[in-house]
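Student: Before I ask anything, let me first share the structure, which is written out below as structure tokens.
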Amino acid sequence: MTDHTVSTRTTPLTDAPDTPQPTPPEAGTGTSTGAYRAAWRRSIEQREEFWLDAARLVDWVDPPSAALTEHSPTDYRWFADGTLNTSYNALDRHVLAGRGDHTALIYDSAMTGTRARISYRDLLDRVARFAGVLRAAGVGRGDRVVVYLPMIPEAVVAMLACARIGAVHSVVFGGFAASELAVRIDDARPTVLVTASGGLEPGKAVEYLPLVRKALDLSAGSVHTVIVQNRHAIPGSAADYASDTGDDAAVRWLDWAEASAAATPADPVTVASDDPLYILYTSGTTGNPKGIIRDNGGHAVALTWSMRNIYDIGPDDVFWAASDVGWVVGHSYIVYAPLLAGATTVIYEGKPIGTPDAGAFWRVVQDYRVNVLFTAPTAIRAIRRVDPELAELARYDVSSLTALFLAGERLDPETFHWANDGLHCPVVDHWWQTETGWAICANPRGIEELPTKPGSTAVPVPGYDIAILDSKGARITKPGKDGNIAIRLPLPPGSLLGIWGGDDRFASAYLTAFPGFYATGDSGHIDADGYLYVMGRTDDVINVAGHRLSTGSLEEVLTRHPAIAECAVLGVHDPLKGQRAAGFVTLKAGWVVDHDLLRNELVNLVREHIGPVAAFRDVTILERLPKTRSGKILRKTIRQIVDGEPYKVPPTIEDPTTLDALVRAVRPIPD
Ligand code: COA
Ligand code: AMP
């Protein structure tokens, strides 16, 4: 096994956490060459030069004259007077540079057995044609298009086709229920929806069309055209499509292949740097998801820069983000970044285990000579659970792999060590959010490979100035002391432009808690070497298998049940998925129900209203919820009890016997 440096102590790499402003860079000493430190300082102290240099990685129609335009400390734009087209940068320019035959996209479906290689030229042709289809359907610059597709190349094509004509895509993950799709339709107000006749999950088919029909019925009616990719590879899906689409008069249903064949290919249109490229909904603290808006220019610059500097990936490399296009990781690192960099991306329809076995990832790495694999820790835990000795790995040649990057949830040190010891490449934990669109903290391997510390997401990426703040917003200077993780404004290029449909929502959700900073919603600490440790959320967002969910929206669903008086949903520890949602409910007076029946009804209610992605199965029925005298549910104490952690009975508790009852309910005493 290669010895990747795993350290517990290194030379400080960032400014000491008690230094409020960056000081001039010092020469790197000890294990660091100083290259990272110099890059980070330049990104903060010579922001204009740093980002204008990075902007040269992108082809502009009108190159920007300035990097940052600040209207106020909280209102700023990147590359404001620049104009460009993102799809041109992802496709045309590589073809024009003579790389048309280079593989842009590899499609590997473990579900259907389909494999395909699509060259840059071919992908450009498909995108231009589909852009023509959208244009013929009346879609223009600034119009929204909802994309609700499984992991097939058409998802990439639809996204880039929107970018080509200046339209704004909003991709909805396939595991969400019809009502969640409807909420997103009502917020984004698209005129066109792109979907498929079917998807496949292990052991079952996912029928998209009935879900789409239901969502259209539930929503306010902005969609006038639905374009359907007819998946012949799925038995029966063609027939379903025909019968499902026949009798709907209000909405026009188009067949993807027929419409594309007849379409006039569309050229890229020039858009402003700060025109929106996409809206991606993510869970917040309320039941209403937040539509994160991404710009064109800042996004193209940041992602292109990240490929070389963080992942150390160039045009001849193969990059595989084993995620889903419905999540930010899929947007940034299945679709945009690898193509902007002229590399090869992989779109994999399958799971880490069971499709057919725990060697699935290693097979894909071998077959396509993948250089960097990026996935969520849950996927690695799933493989470890089935194949603890990594026997499957031995069947494949994974020597092409230069690094395994993980993100989306906390990487527990045990999983880190298992992967680090078993794989012949460095394992890199990095931290980011839908809002930022790319890594906030990472080991920037393309600049300098820093020592790894298990449990840490390493150091701030150039562009991000991180501080740990206490609840009053004062900087915590003591290394290792937990607090709120905040990012000093302005956020770097690529980060969110705002929240769709609500100017105030951006400020109130992120910018008011700590003036001058963006509140990440995460808590953690920085050690004496400047390494960040992300410990958890400070709000009611939870992460189930790397999927971000709001416990508030789960609670809203549970209270719809007529028998439920009160409820609390918490994220509790799950050995596979990191966290799982656990529901605690009380019944209305006078209700006598069979508890198993009620649990099933609640589980099905969540499935129907949020979707299978919530993976909600855990319901505890209580007489009363543990609360303070002022009526606040004792969430932390409940979680500690469920997780088997030591807990103190809070002095403000209304009734201590409610905790005893909870202990009995979650850990039944044997007869
Ligand atoms: N469309 C429709 N349904 C979907 C779906 C999709 N795209 N993705 C998941 N689902 C369904 C699953 O079929 C499952 O349904 P079920 O309750 O009927 O079985 C449910 O949603 C929960 O799925 P999941 O959380 O994936 O759990 P799982 O038990 O099926 O699989 C893992 C477990 C570990 C294999 C899986 O969670 C995994 O691959 N995780 C990797 C994490 C990841 O890629 N995260 C992305 C962020 S980087
Ligand atoms: P999402 O917006 O779905 O990408 O989820 C973002 C949230 O996931 C962050 O705010 C963190 O809470 C969590 N997260 C992402 N990456 C990491 C990581 N490497 N370590 C710990 N938590 C992470």
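The values are calculated or read from the model by the stated rules, or taken from the named source; none is laboratory data. All of these numbers come straight from a predicted model, not from anything done at the bench. Positions of Cβ are generated from backbone atoms using ideal geometry, with glycine treated the same way; all protein chains shown enter the neighbour counts. With ligands, DNA and RNA removed, areas are computed over all heavy atoms of the protein, side chains included. Shrake-Rupley method; radii C 1.70, N 1.55, O 1.52, S 1.80 Å.
Student: Restricting attention to the alpha-carbon atoms of the range 545-666, what are Rg (one decimal) and Dmax (integer), both in Å?
Tutor: In Å, with Rg to one decimal and Dmax whole: 14.1, 40.
Student: Taking the Cα atoms of the range 119-240, what is the range of coordinates along each of the three principal axes, in descending order and whole Å?
Tutor: Extents along the principal axes: 36, 36, 21 Å.
Student: Write out the GluC sites (Glu not before Pro) in the range 536-645 meeting two conditions: DSSP loop, and at most 12 other Cβ atoms within 10 Å of their Cβ.
Tutor: Qualifying residues, ordered by number: 623.
Student: Just to compare against my own numbers: the Cα pair-distance distribution for the range 573-640, 5 Å bins, whole % per bin, please.
Tutor: Percent of Cα pairs in each bin: 3, 14, 22, 21, 21, 15, 4, 1.
Student: What size of dipole, in debye to the nearest 20, comes out for the range 438-514 about its Cα centre when the only charges are +1 on Lys and Arg C-beta atoms and -1 on Asp and Glu C-beta atoms?
Tutor: The calculated dipole for the range 438-514 is roughly 240 debye.
Student: Whole-Hz Karplus ³J(HN,Hα) for the range 336-348, in order, using 6.51 cos²θ - 1.76 cosθ + 1.60 and θ = phi - 60°, x for Gly and Pro?
Tutor: Those phi angles translate into 6, 4, x, 6, 4, 7, x, 8, 10, 10, 10, 10, 10 Hz.
Student: Taking the DSSP beta bridges in the range 545-666 as the whole, what percent of them are antiparallel, to the nearest 5?
Tutor: Numbers: 12 of 17 bridges.
Restricted to the range 545-666, the bridges split so that about 70 percent are antiparallel.
Student: With every atom except the alpha carbons ignored, what do you get for Rg and Dmax of the chain, in angstroms?
Tutor: 24.7, 76
Student: I want to check a number: in the range 545-666, how many lysine pairs have alpha carbons closer than 23 Å, given a sequence separation of 8 or more or different chains?
Tutor: Numbers: 577/636; 588/627; 588/632; 627/636; 627/648; 632/648; 636/648.
For the range 545-666, the number of qualifying lysine pairs is 7.
Student: Considering only 304, 361, 218, whose Cα is most displaced toward the positive end of the charge dipole of the chain, charges sitting on Cβ of Lys, Arg (+1) and Asp, Glu (-1)?
Tutor: 218
Student: Evaluate the charge dipole of the chain about its Cα centre and quote only its size in Debye, nearest 20, assuming +1 on the Cβ of each Lys and Arg and -1 on the Cβ of each Asp and Glu.
Tutor: The dipole of the chain has a size of about 580 debye.
Student: Could you state the accessible area per residue of the chain in Å², with a 1.4 Å probe and every protein chain left in place?
Tutor: 38 Å²
Student: Another one. With a sphere of radius 14 Å drawn around the Cβ of residue 589, what net charge do the other residues whose Cβ falls strictly inside it have (Lys, Arg +1; Asp, Glu -1)?
Tutor: 0
Student: Another question, if that's okay. When you count, for each residue, the other Cβ atoms within 10 Å and take the mean per peptide, how do 646-655, 104-113, 123-132, 412-421 rank with the highest first?
Tutor: Output ranking for 646-655, 104-113, 123-132, 412-421: 123-132, 104-113, 412-421, 646-655.
Student: What is the percent carbon and sulfur in the accessible area of the chain, measuring with a 1.4 Å probe over the protein chains and ignoring ligands?
Tutor: 51 percent
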